Structure formats: C-alpha cells, structure tokens
Amino acid sequence: MNEEVLDLGGQPRLLFLSQSAEAVRAQLAGRRLTRAEAGALRDDISTDEISPVRIMSHYDARLARFPYTGFTTADRQQPIAPGAVQAGGFQVTVAGRRYGKGSSREHSPAAEQLAGIRLVIAESFERIYRQNADNIGLFTSTDFGLVERLQRGEAIPVAELVGGRDALAAAILRSGGLLRFGRQHLRDARPVRLPAACGPLTLFEKIVQRHMLHTPVTPDAPQPGEGCFVRADWRFIHEYYTGMAAHMLHETLGRPLALHGMDSILVFEDHTSYVEESPAHAGSLLLPNMHAMQQAQRDFAAAYGLRSHRTLTEEEARADDGGNVAGISHAMMAEHYALPGQLVVGTDSHTPHSGALGCVAFGVGTTDMANAFVTGAVRLTLPRVLRIELAGALPPGVAAKDVALHLLQLPAIRAGAGVGKVFEFGGPALAALGTDERATLTNMTAELGGLTGMVEPDAETLRFLKERRGVDCVLEPWMRSDPGAAYSDTIRVDCTALSPMVARPGDPGNGVPLDQVGERVKVDIAYGGSCTAGKREDFDQYHAVLAWGLAQGLTVPPQVQLFLQYGTTAVRDYCSARGYDRTFAAAGARILQPSCGACANCGPGSSTEAGQVTVSAINRNFPGRSGPGQVWLASPATVMASALAGELVSWAELQRRVGAR
C-alpha cells in the first residue's frame, strides 16, 4: 500500500465466504467467481470460525495458516483447510452481516492479514472485530460496490476506504496501526476537565466523561460515533492474549518496557488449567504450544511484577491450603476489583460482566491492551445507549439467562440493532434480581452485539459488595441516569409473559421458548459453568434442581455426562460450606475447578463427536465453539432438569412429569 491507494496489484483474488461449500471449494481450486456466482453469503461468521480456539496458542506468523479453518457452510461443511487461503493468494474477503461476532480475539484479523488478506468487505461488522482490524492496519468496508471495481483491477483510494469512518479510526489506519499511532500521539494524554454543566446524561455518559483523556487528535467532548481515548481504573488480560501482546510490544518498543500504572494491570490464567484433558488439545501437536502460551504470560507477569491470579490444576488444588484465590477473570473482577462508577477493560468480549455493579466495562483486542499497557489510554468509539426496560416480574423458574435468550431472538437484535450499543438494563424485574443474575445479562451483552451492559447501582449493589467483599461502598448522587437522558431506543420486555428459553445449535440468537421446540431432543452432555453461569446464584439453581431430583428418586441416566465447573474459588468454597458439593457428587456430576474450560473448548465437557448433543449454560454456541457436536443453550435450571431427564426439558415440565407418575 502506498500513501494514496490500496493497490493490490492487478486483479486481486477475492474469497467469497458463501453458504455453499461447493462455491468455496471452487474458489480454493483457483476459479474466480463473480458476486452472483458466489450465491448467498454467510451471515454471523464468528471469530470462532475465523480463528478456532484450538489455534490460539499461535500469536506470530504461524497464524497465517489458519484463517477460516472453522468456517462452516449452510450444510455444516468446513471446506477451508489450513494453509488454503495463503496458498490461494487471496487478498480480499467478502461476507454477509455481523462479520466477526463473538470473541474479542485479535488472532482472527491477524490470521487474515498474515495470510495475505488486505481488505474485508461485509454488510456489517461487530465492533471488537472491526476495531481490532483497524488496530493492525487491516482495512474493512461495507461498500459492496468495491467488489466489481476490484475484480476489474481498479486500485481503491485509501481516502475512500476510510470515508465514513470516525476520524480516529481513519487516523489509526493511515498510521499503519494503533501502536505506531500511540507512539506519535498518546504520550502526553491527560484528563479532560469536566464541564461545569451539561444536559441530562446516562450513567454511561457520566462515567466516560469522568475518564476522558485529552489528546492532540481527539475531541474533548466526543459525539456518538466519534473516537476518543479514556483512562481505565482496571486493565486485565488472560493467557490467550498476553503472549501476543508481549510479542508485539517487545518487537515494536524493545525491552524492558515502561508500563503505565502497573498497579491497575491484572493478569489471569483462567482458560487452560484443564488443557491436558481438553479434547481439542490433549495428545495433539498443539499441546506444547498451549504450554508455551501459558509460560509466555507467566514470564511477562514476572518480568514486570504484575498482579496475577492462576487457576490451579486439580492436583495442585488438592494440595492447596486454601490460600489460592483464582477463577474466571470476569467473575473475579466482580468479586474483587470493580466498583460503581469505575471503567474496566479486558481482553475478552465478556468483560461487560462487571457492568452489573454500575461501572463501564468493555472488551478490547490485544493491540488495544498493548497500547493501554504503555500509554494508559484505551481507545473508544463513543456509542449510543439502548434502554432495556424489564417490566413486570419473572415467573417462577424463569431466570436472567432466559431473559437474555429472549432478547437475542428478537428480530431487531438479530438484525444488528444492538451492535456497538450500551445496553442499560432497568425496570421492576431487573430491580428484583440479585447481582449475580444481573451479571448474566450484562455478560451476555457480548452476544447481543453491544459494547457493554450496565445496571445502575442500588441497595442490592451495596449488599453484594458488603457481603462478598466486605466493602462499605457509598453511592454518590451522580451514579444514575438523569431523567430526560437521551437513548437511541427503548426495548420493553413484559417479563410476566416469559417462559424457559433455549437457543438452538449454531448461534445464541436461535432462541425459542422450550415448550415450542416441538421435538424430543436427547442429551449426551450437560454442562453448568462459565463466566455467565458459574456464579453463586447459578449454583443455587443447579443445586435446587438436583437436590429435588434426588429426593424424587431421579438419577442422571448413564448415557448423560454431567459437568459442573465453578466460576471462582470463592464459589467453590461457598458450595462446599453449604453442602452443595455432596449433592453434586451424589448426582454423578464431575466437579471441576474454576476455569473457562468447555466454554472455550478447552476442558472436560466439550463434545468429541459431531453426533453428540450438549445442553449448556454457557453464553455462546457457535459452530465448533465447544467441540464438534450440537450445543443447546439454556438456563442453569433447565440444564440440570435436562440432565436428569436425559432430554431437553424445563424444571417445571420435569416436575409435572414426576407428579403425574
């Protein structure tokens, strides 16, 4: 690329990510398709498909072999083999709506770029994916008029490619990426002086305003859609990203690094404690890479004296004196660090979890975090706020997970109405929920496509902080949205009309009321855990169903594998103190130490065969996310009821069946 045009050298090769496996294979074999010949393009291509979790131990040039190796066509074929994109000489990728949804992994655009992709064209992009692409200098566009022009061999002006983007995104792309941009412009970033007065604001806007940084290239009072930089109270990273961040920082800036505000940097090893048992890794050539990835994080944390939390292996946990405090990063942030009014960023799309405490928490990519490590500045494109009004009261047996799955199946959300938005949850049904249940909603803002989810702090927030953390927090008068604050829209949900929900395999947006599924779905695996569903209140639900089932003489059928995985060591200790662990053992569950585990296809509970069916309390069920089988998403109670029944069923329906015996 020269300064003026994206010159791909004659007629570049375009890879249409078609719904048709035949069309994809034809392109890989050398045929150049027109847009019409490619047929319908795949929507909702997730980062799990662009760069499957099994290859995320790579964080350098080796990623070039793996873009789209998890890509799945409409008939569930995966036609793109390792090395195929690079060997085919493709330079442009073309796809449908909501490209890059799901995980915040920067491995996805990095793999594309390293394989030779210079431009991705899609109908729409998920926020984190597009920001990650900007940060490494990979161009993205929603202009399908470029397709024919590129196929004619036309060189596209860079000004045209960045046209319509906010000024900050354009400047970062022109600079060749965020780290180069940061060295030029962010060394002297300083807090913006708060305005004396302004109109009614949402809580999100107030918190961002209090964390805004002045730079020479960003406005002090940005409008929605404009880019800015903010200071974070907490920055955290986990082992899938630290090696990549360290690699790019040392390669760009040398060593040792001068890290900014080291006391506010946290390091979590929360994904790979069960990697030795992971069906995707155990016994494979990837296992040494996973160990190297773990060690890269440990080395980085040790070199710079960073605060770390590491989940122990089962053998280590048996020898632990109880002093190890660890768990999944998001739950740990809520249990130990985040406070109302703060701003939290992490290298994971489920960072909004902490928004349940009334703070702004959002996920960023590796380059964003690397830049934040050395400058203290976090990139943010100012979003609009969407109000979610949860009216009425939830019926018995209906949980926050059911609300999330209901929201995900709404046509407006499936069409992308929530992409990049802040979801502000409120209303009577919300007020009645505990903080753990609220965190289920804010956590799954990632699936809704939002930047973050938030709940105004209240008496329940204070109870949680005092009971769980011994913190006497004072809510300041400003910690609420003002009457008359502007929202992009309001979605009202009549919670009294909700019933237990599930999401069919393939996408969290495939939601349907369980009583409308219309088929008997046999279950092979039942899994309860993850950041979304590994909290105390989730385990209260798991225990309630299993204890009831045991009292009724029910047992988990021998063909069903049941896994329960704690979110943190504090949740484990809570369950042990209440005797839950004895109930779980009596039900035949395998109880696992705190880790992301099967949710990230990195531990027991993942499927091993395409024919297996899992009912799971995790947050997403993209193809290949938790193994090759089919994953149905459900609430904790539904997962346990289904484990007892051996088929997909709600607790209420199982109770009716038992009562009718």
Inspect the range 189-202 for any residue being in a strand (DSSP E or B) and either touching a residue at least 24 places away in the same chain (Cβ under 8 Å) or within 25 Å of A167 (Cα to Cα) (or both) and give the result as yes or no. yes
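Could you say which residue among E476, E424 is open to solvent by 40 Å² or more (accessible area, probe 1.4 Å) and on the phi < 0 side of the Ramachandran plot?
It is E476.
With the requirement that a residue be more than 27 Å from R130 (Cα to Cα) and crowded, with 24+ Cβ neighbours inside 10 Å, what does the range 369-397 give you? So that I can check it myself, show each step before the final result.
First, the residues of the range 369-397 that are more than 27 Å from R130 (Cα to Cα): 389-397.
If the condition is that a residue be more than 27 Å from R130 (Cα to Cα) and crowded, with 24+ Cβ neighbours inside 10 Å, then L390 is the only one that fits.
So in the range 160-173, with the set limited to residues that are open to solvent by 30 Å² or more (accessible area, probe 1.4 Å) and free of Cβ contacts under 8 Å to residues at least 60 places away in the same chain, which one is nearest to R379 (Cα to Cα)? Let's see the steps before the verdict.
Step one: of the range 160-173, the residues open to solvent by 30 Å² or more (accessible area, probe 1.4 Å) are 160, 163-165, 167, 171.
Checking the rest, the ones that are also free of Cβ contacts under 8 Å to residues at least 60 places away in the same chain come to 160, 163-165, 171.
Values: E160: 23, G163: 19, G164: 18, R165: 15, A171: 12 Å.
Only one residue tops the list, namely A171.
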Out of the residues in the range 634-658 that are open to solvent by 10 Å² or more (accessible area, probe 1.4 Å) and among the polar types (S, T, N, Q), state the one that is farthest from P505 (Cα to Cα). Q655
The condition from (1) over 26 Å from G283 (Cβ atoms); (2) in contact with a strand residue (DSSP E or B) (Cβ under 7 Å, 6 or more places away or on another chain); (3) of a type outside the set (G, A, S) that D48 misses is numbered (1)
Any residue that is in contact with an Asp or Glu (Cβ under 8 Å, 6 or more places away or on another chain), touching a residue at least 60 places away in the same chain (Cβ under 8 Å) and open to solvent by less than 30 Å² (accessible area, probe 1.4 Å) - is there at least one of those in the range 106-127? no
With criteria (1) over 22 Å from P352 (Cβ atoms); (2) at pLDDT 95 or above; (3) open to solvent by less than 50 Å² (accessible area, probe 1.4 Å); (4) not small (G, A, S), R298 comes up short on (3)
Restricting to the range 503-524, and then to whatever is in a strand (DSSP E or B) and over 23 Å from the mean Cα position of the chain (by Cα), can you tell me which residue is surrounded by the fewest Cβ atoms within 10 Å (Cβ to Cβ)? K522
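In the range 450-475, what residues are touching a strand residue (DSSP E or B) at 6+ places or on another chain (Cβ under 7 Å) and either more than 19 Å from L343 (Cα to Cα) or not polar (S, T, N, Q) (or both)? Reasoning before the result, please.
From the range 450-475, those touching a strand residue (DSSP E or B) at 6+ places or on another chain (Cβ under 7 Å) are 450-456; that's our starting set.
Residues satisfying the conditions are G450, L451, G453, M454, V455, E456.
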Residue satisfying condition, being more than 24 Å from C599 (Cβ to Cβ) and modelled with pLDDT of 95 or more, within set L564, L550, L514: L550
So, in the range 186-241, of the ones that are touching a His at 6+ places or on another chain (Cβ under 7 Å) and of a type in the set (V, I, T), which residue ends up surrounded by the fewest Cβ atoms within 10 Å (Cβ to Cβ)? V217
Could you check how many residues of the range 22-77 are in contact (Cβ under 8 Å) with a residue 12 or more places away in the chain, farther than 30 Å from Q294 by Cα and acidic (D, E)? 4
I'd like to check which helices (runs of 4 or more DSSP H) are fully inside the range 418-491 and have at least 2 residues that are within 16 Å of the chain's Cα centre (by Cα). 435-443, 445-448
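Criterion first (open to solvent by 10 Å² or more (accessible area, probe 1.4 Å) and either out of contact with any strand residue (DSSP E or B) (no Cβ under 6 Å at 6 or more places or on another chain) or β-branched (V, I, T) (or both)) does L249 satisfy it?
Values: open to solvent by 10 Å² or more (accessible area, probe 1.4 Å): no; either out of contact with any strand residue (DSSP E or B) (no Cβ under 6 Å at 6 or more places or on another chain) or β-branched (V, I, T) (or both): yes.
Here the answer is no, as L249 does not meet what is asked.
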Y59: passes all of (1) open to solvent by 40 Å² or more (accessible area, probe 1.4 Å); (2) among the aromatic types (F, W, Y); (3) in contact with a strand residue (DSSP E or B) (Cβ under 7 Å, 6 or more places away or on another chain) but (3)
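The values are calculated or read from the model by the stated rules, or taken from the named source; none is laboratory data. These numbers come from a predicted model, not from an experiment. Ideal geometry is used to build each Cβ from the backbone, glycine not excepted, and the neighbour counts take in all protein chains shown. Ligands, DNA and RNA are stripped out before the accessible areas are found, and what is left, the full protein with its side chains, is counted by its heavy atoms. Shrake-Rupley method; radii C 1.70, N 1.55, O 1.52, S 1.80 Å.
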